[in-house]
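Just below is one structure, and these are the notes that go with it.
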């Protein structure tokens, strides 16, 4: 039994134990992503952001206990859509910083989201980014280089 099948089986068992019946799971080994699509009811729509975060945490604990590599969990493409939104925010903020010559502070984000901003703006030689703040208030600040 290969690693992909094991991870998919763990996720399927976990989701079934939560009471969901209409779902699918796929694991992409090279990107270490687990894509989950759940079609059960309005509960998920209302609580999707926290549900994704909670599932990610629980699955990482289970995989750690089994000495398996960690994976990134995405449910109903929530993370993918969020990543696209953050990339658009980064581009818009970069354009504003470059055009106005002013420092732009983005809203607080988790480490993964801040990394998306830093990576997206690394190609701009006229800008630099830094993470500032502590804990839940940590944010990316974009500085124009003059």
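The values are calculated or read from the model by the stated rules, or taken from the named source; none is laboratory data. Every value quoted in this text rests on a predicted model; they were computed, and no experiment measured them. With ideal geometry, Cβ positions are generated from the backbone for all residues, glycine too; neighbour counts draw on all protein chains shown.
Please specify each residue of segment 120-146 satisfying the condition of being on the phi > 0 side of the Ramachandran plot and loosely packed, with under 11 Cβ neighbours inside 10 Å.
Here is the first cut: in segment 120-146, the ones on the phi > 0 side of the Ramachandran plot are 133, 135.
Hit for segment 120-146 is 135, nothing else.
Sort through 52, 71 and tell me the only one that's surrounded by 15 or more Cβ atoms within 10 Å (Cβ to Cβ) and either touching a helix residue (DSSP H, G or I) at 6+ places or on another chain (Cβ under 6 Å) or not assigned by TED's automatic domain parsing to the domain that holds residue 8 (or both). Talk me through it step by step, then tell me what you get.
Details: 71 fails: either touching a helix residue (DSSP H, G or I) at 6+ places or on another chain (Cβ under 6 Å) or not assigned by TED's automatic domain parsing to the domain that holds residue 8 (or both).
Result: 52 is the single residue among 52, 71 that is surrounded by 15 or more Cβ atoms within 10 Å (Cβ to Cβ) and either touching a helix residue (DSSP H, G or I) at 6+ places or on another chain (Cβ under 6 Å) or not assigned by TED's automatic domain parsing to the domain that holds residue 8 (or both).
Considering only segment 103-119, how many residues are more than 23 Å from residue 56 (Cα to Cα) and modelled with pLDDT under 95?
Residues in segment 103-119 being more than 23 Å from residue 56 (Cα to Cα) and modelled with pLDDT under 95: 0 in total.
Which residue out of 8, 12 is surrounded by 11 or more Cβ atoms within 10 Å (Cβ to Cβ) and closer than 12 Å to residue 71 by Cα? So that I can check it myself, show each step before the final result.
Working: 12 fails: closer than 12 Å to residue 71 by Cα.
None of the others qualify; the one that does is 8.
If a residue must be outside any strand (DSSP E or B) and either modelled with pLDDT under 95 or touching a strand residue (DSSP E or B) at 6+ places or on another chain (Cβ under 8 Å) (or both), how many such residues does segment 124-139 contain? Steps first, please.
Step one: list which residues in segment 124-139 are outside any strand (DSSP E or B), which gives 124-126, 133-138.
Those left that are additionally either modelled with pLDDT under 95 or touching a strand residue (DSSP E or B) at 6+ places or on another chain (Cβ under 8 Å) (or both): 124-126, 133, 135-136, 138.
The total comes to 7.
Only one residue in 64, 88 is part of a helix (DSSP H, G or I), in the same structural domain as residue 50 (by TED's automatic domain parsing) and either under 24 Å from residue 136 (Cβ atoms) or without any contact (Cβ under 8 Å) to a residue 40 or more places away in the chain (or both), so which one is that?
Going through 64, 88 in turn, just one is part of a helix (DSSP H, G or I), in the same structural domain as residue 50 (by TED's automatic domain parsing) and either under 24 Å from residue 136 (Cβ atoms) or without any contact (Cβ under 8 Å) to a residue 40 or more places away in the chain (or both): 64.
Give me the residue from segment 15-36 that is within 18 Å of the chain's Cα centre (by Cα), part of a strand (DSSP E or B) and without any contact (Cβ under 8 Å) to a residue 40 or more places away in the chain and, out of that set, surrounded by the most Cβ atoms within 10 Å (Cβ to Cβ).
Applying the first criterion (within 18 Å of the chain's Cα centre (by Cα)) to segment 15-36 yields 25-36.
Next, only the ones that are part of a strand (DSSP E or B) stay: 25-28, 33-36.
Next, from what is left, pick out any that are without any contact (Cβ under 8 Å) to a residue 40 or more places away in the chain: 25-26, 28.
Numbers: 25: 19, 26: 13, 28: 12.
Checked segment 15-36; the qualifying residue surrounded by the most Cβ atoms within 10 Å (Cβ to Cβ) is 25.
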